[in-house]
1. Scan the range 145-188 for residues that are aromatic (F, W, Y) and in contact with a strand residue (DSSP E or B) (Cβ under 7 Å, 6 or more places away or on another chain) and jot them down.
2. Please identify the pairs in which a residue from the range 153-175 that is touching a residue at least 24 places away in the same chain (Cβ under 8 Å) and surrounded by 17 or more Cβ atoms within 10 Å (Cβ to Cβ) has its Cβ atom under 6 Å from the Cβ atom of a residue that is among the basic types (K, R) and assigned to a strand (DSSP E or B), counting only partners at least 6 apart or on another chain.
3. Return the total of residues in the range 48-81 being more than 24 Å from K132 (Cβ to Cβ) and assigned to a loop (DSSP other than H, G, I, E, B).
4. Pick from S123, S154: which is of a type in the set (G, A, S) and within 16 Å of the ligand (Cβ to nearest atom)?
5. Any residue in the range 78-93 that's farther than 18 Å from P238 by Cα: show its pairings with residues that are surrounded by fewer than 13 Cβ atoms within 10 Å (Cβ to Cβ) at Cβ separation under 9 Å, as long as the two are six or more apart or on different chains.
6. If we scan the range 209-216, do we find a residue that is over 22 Å from V121 (Cβ atoms) and free of Cβ contacts under 8 Å to residues at least 60 places away in the same chain?
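The values are calculated or read from the model by the stated rules, or taken from the named source; none is laboratory data. Everything numeric in this text was worked out from a predicted model, so none of it was measured. Cβ placement follows ideal geometry from the backbone for every residue including glycine, while neighbour counts extend to all protein chains displayed.
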Amino acid sequence: MSLPSITREDLMRELVGRVAVICGISVAIFLPTAVSGNQSVKLPPPSYKGNVSVEAAMRSMKSVRNFSGAPLSLQQISQILWAANGRLPTDAVSGATTKVTPSAGGLYPLEIFVLTGKGSVESLPEGIYLYKPETNSLSLVESGDKRNLLAYASLSQMWMTRAPATIVIAGAFGRTTSRYGDRGVQYVFMEAGNSNQNIYLQAAAMRLGAGTVGAFNDAQVAAVLKLPGDVKPLLLVPVGK
Ligand SMILES: Cc1cc2nc3c(=O)[nH]c(=O)nc-3n(C[C@H](O)[C@H](O)[C@H](O)COP(=O)(O)O)c2cc1C
């Protein structure tokens, strides 16, 4: 069996990728953010009705990696974020406030972020945003297109950069382990899977595509997103057309 030979170009590509990760992440860690974290963007309300059945969405869904680069509307990203971790109306009988995924003990440890590029989501400046389910809004974490850094932090899976938006499912583990101890760790992983599946189904129902990225460097992704120490990235989900 002959092994593929490594060319000078391959080595250069690898080197450029590594330098970009180191430089980009160093900048992400050491420079103060250009924009303060309290800017927020109100999202259009999600729709509770669609034209595609759950069965049809399940049948058509698959992991998508070849995005066209066409932009998403604010309505579309709002719908996807709601599917990931949105709130449901308060239960009239029990008074409980629930979300679109089951959650161990109703503790809801997931935090959802979205990364966008210039014009990649209509009327949303490029940046990293935290989704706020309670107000159906986005809170700016940092301005600027960081999708490249995220792809480099994901073992250079550069196909990710063609998605107009990448959702990051992160877990605040302490929220669940404070009640369930070590067992809570697996609950948080399971809940990330629930959220990812919802995104896939919602995307399929809207004739959009989603992919899953679990192969990434945890520390590098956490640095790009400026995650606090107790919040860990779990899955990256590029979405688009
Ligand atoms: C936990 C998890 C991690 C994954 N990580 C990656 C990844 O890093 N890169 C990638 O291209 N696909 C990734 N995938 C997608 C799988 O490759 C994909 O789901 C599988 O090939 C089945 O294809 P389908 O989703 O189109 O049915 C991941 C999927 C899961 C569930």
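1. F173
2. Cβ pairs passing all conditions: G171/K232.
3. Qualifying residue count, the range 48-81: 12.
4. The conditions single out S154.
5. Between residues of the range 78-93 that are farther than 18 Å from P238 by Cα and residues that are surrounded by fewer than 13 Cβ atoms within 10 Å (Cβ to Cβ), the close pairs are R87/E134; T90/A96.
6. Yes, the range 209-216 contains a residue that is over 22 Å from V121 (Cβ atoms) and free of Cβ contacts under 8 Å to residues at least 60 places away in the same chain.
Residues are listed down the side, and each one gets a yes or a no for (1) assigned to a loop (DSSP other than H, G, I, E, B); (2) near the ligand (Cβ under 10 Å from one of its atoms); (3) surrounded by 20 or more Cβ atoms within 10 Å (Cβ to Cβ); (4) modelled with pLDDT under 95:
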site	(1), (2), (3), (4)
F189	no, yes, no, no
N194	no, no, no, no
Y200	no, yes, yes, no
A215	yes, yes, no, no
Q220	no, no, yes, no
V224	no, no, yes, no
